[in-house]
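Below: one structure, written as structure tokens.
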Amino acid sequence: MRLPTAVLTEAQTAATVLARLATHPTGTPVWRRYVERFAERYGESVEVPLELVVDPEKGLGFPDGFGRVSEPPRPMTRRDRLLLELAGTAAIEGARSVPLSGAMIEELEAAAGKPTVTAPHLELSARLHAPSTRALESGNFRLQVSTVSRSAGSMTGRFWHLFPDTGATYADLPTVEPGAELAQLSFHAGRAPADLLTRAPHVLPRLVSVGEFRHPAKDVLFPSDLAVGVRDGRLYLTEAATGTHLELLAPTALNFLWNNYTPPLARFLAEISRTTAPQVTWFDWGAAWTLPFTPALHYRRSILVAARWKVRARDLPDRTATLDQWAAQLHAWMGRFRVPDRVLLSEDDQQLPLDLRQDMHLDLLRAHLDAGPTGAATLHDAPPPDADGWIGGRAHSLVLPLKARS
């Protein structure tokens, strides 16, 4: 299958907008604090062995949050206030979607702050909505963003064996620091069932191995071969023996915030070179995420984020009520919040299509609310019934590796 060029152009546009709307355009607060601590303790022009830096007794240890699943609460920012105003206005006006204008993007970008460097590469995952191939070819389509990965190779790395020429493509990716060597990071997941997410062929010229049984070789480095330094407020990784600056590509779809799945040292090595770069992800509503409703955000032909509703078990009858009684309360809630019949029950990146006019689907939603630890369910607006018409009704995801032009 070959897609029209307009689809790639739209994906590039969506990625650019999401980069401009990043919550942390100069790196996360946790990493910024860590850079300050490193500079205060060791100063610039000093390269410290990696194993000494991450030693909690002799060095700094790992950044805050690397040993805990939860992250500390975030203070309210001007960006949060702008998004709360946007979501609140949409709710009052009964709008399920909001088209983003250039002025709105500039205001949100200014509220978060201007980045000092550019995210060099990423992967964008999306679904394509078009009722037919003719509509797609004529430009009558929507590109709905599903997620954005931290770097190229994050989602596609475990499929590299299917593409024999992958190595040459990824070896030419740009780096945050001009002239740094791009090397591949390899490690085992912290839990065996997730190991398939970290297995990828060795495609880059050199590889850094963490916690694996590998024999020493000229193209393999280990943590003991590495050192860390700071320059111009940015941490960098270097090969101690040669002084070559390295940036590591981690071809894994593991979410590094799940600390019980990712070894802390692997996360440290994967993130260290991007400590001051924008953290580009799917659209982050910030404090507005706690609202019971947030609208879809559109830009040109892209849906950057779908409309979202939050329903809580406490707002509906308990388990002693019949399905008819429960459904009547649910439909009353749907009427107040203008929720459509067709929705996606979402949990992280997993989505289950539901038609809330059908008893079986109502049962599924009720069981989810009863069994869930939070007593809440997240519902997203479902695509139109003919959204997959261009591909014969097949479920699909498009994953596009993208690199910065400058």
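All of the numbers you see were taken from the coordinates with simple rules; none came from a lab. Note that the coordinates shown come from a computational prediction; the quantities given were computed from them, not determined experimentally. So basically every Cβ, Gly included, is an ideal-geometry build from the backbone, and we count neighbours across all protein chains shown.
Worth a mention:
- Bridges between two residues of the chain, per DSSP, are antiparallel at a rate of about 75%.
- Under the simplified labelling scheme, the HIS396-LEU52 pair shows an inter-label distance of 5.5 nm, with each label point 7 Å from Cα along Cα→Cβ.
- Highest-fluctuation residue, GLY229, GLY372, GLY65 considered, GNM on the chain with Cα pairs under 10 Å: GLY372
- Each Lys and Arg Cβ is given +1 and each Asp and Glu Cβ -1; about its Cα centre, the chain then shows a dipole of about 600 debye.
- Karplus-derived HN-Hα couplings along the stretch 330-347 (A = 6.51, B = -1.76, C = 1.60, θ = phi - 60°), whole Hz, x at Gly and Pro: 4, 5, 5, 5, 4, x, 5, 9, 6, 8, x, 5, 9, 9, 10, 6, 10, 9
- Amide H contacts under 5 Å for VAL98, placed H, 5+ residues apart: ALA296, LEU297, HIS298
- Once the C-beta distance of THR290 and ARG336 is scaled by a Förster radius of 22 Å, the resulting FRET efficiency is 0.75 to the nearest 0.05.
- Here the Karplus curve 6.51 cos²θ - 1.76 cosθ + 1.60, taken at θ = phi - 60°, turns the phi angles of the stretch 282-298 into couplings of 4, 5, 9, 6, x, 5, 5, 4, 6, 5, x, 8, 10, x, 6, 10, 10 Hz, with x standing for Gly and Pro.
- With K and R counted +1 and D and E -1, the other residues having a Cβ less than 14 Å from that of VAL230 yield a net charge of 0.
- Label-to-label distance, nm, for residues given as SER406 and ALA241 (7 Å Cα→Cβ offset): 4.0
- Under 23 Å of direct C-alpha separation, and excluding same-chain neighbours fewer than eight residues apart, LYS403 reaches these lysines: LYS114.
- The residue among PHE38, ASN140, VAL305 whose Cα reaches farthest toward the positive pole of the charge dipole of the chain, with charges on the beta-carbon of Lys, Arg, Asp and Glu, is ASN140.
- Extended-chain gain in nm, criterion 0.36 nm per residue less alpha-carbon gap, TRP258 and PHE163: 31.3 nm
- For the stretch 31-46, 3J(HN,Hα) per residue [Karplus equation, 6.51 cos²θ - 1.76 cosθ + 1.60, θ = phi - 60°, Hz, x = Gly/Pro]: 6, 5, 5, 5, 4, 5, 5, 5, 5, 5, 7, 10, x, 7, 6, 10
- The alpha-carbon of LYS218 sits under 20 angstrom from the alpha-carbons of these aspartates and glutamates, leaving out residues fewer than 8 places away in its chain: GLU181, GLU239, GLU247.
- Ranked by how many other beta carbons lie within 10 Å on average, peptides 213-226, 252-265, 330-343 from highest: 252-265, 330-343, 213-226
- Sparsely packed trypsin sites (Lys or Arg not before Pro) within the stretch 1-86, loop by DSSP, other Cβ within 10 Å at most 13: ARG2, LYS58, ARG68
- Dividing the convex hull volume of the alpha carbon atoms of the chain by its residue count gives 165 Å³ per residue.
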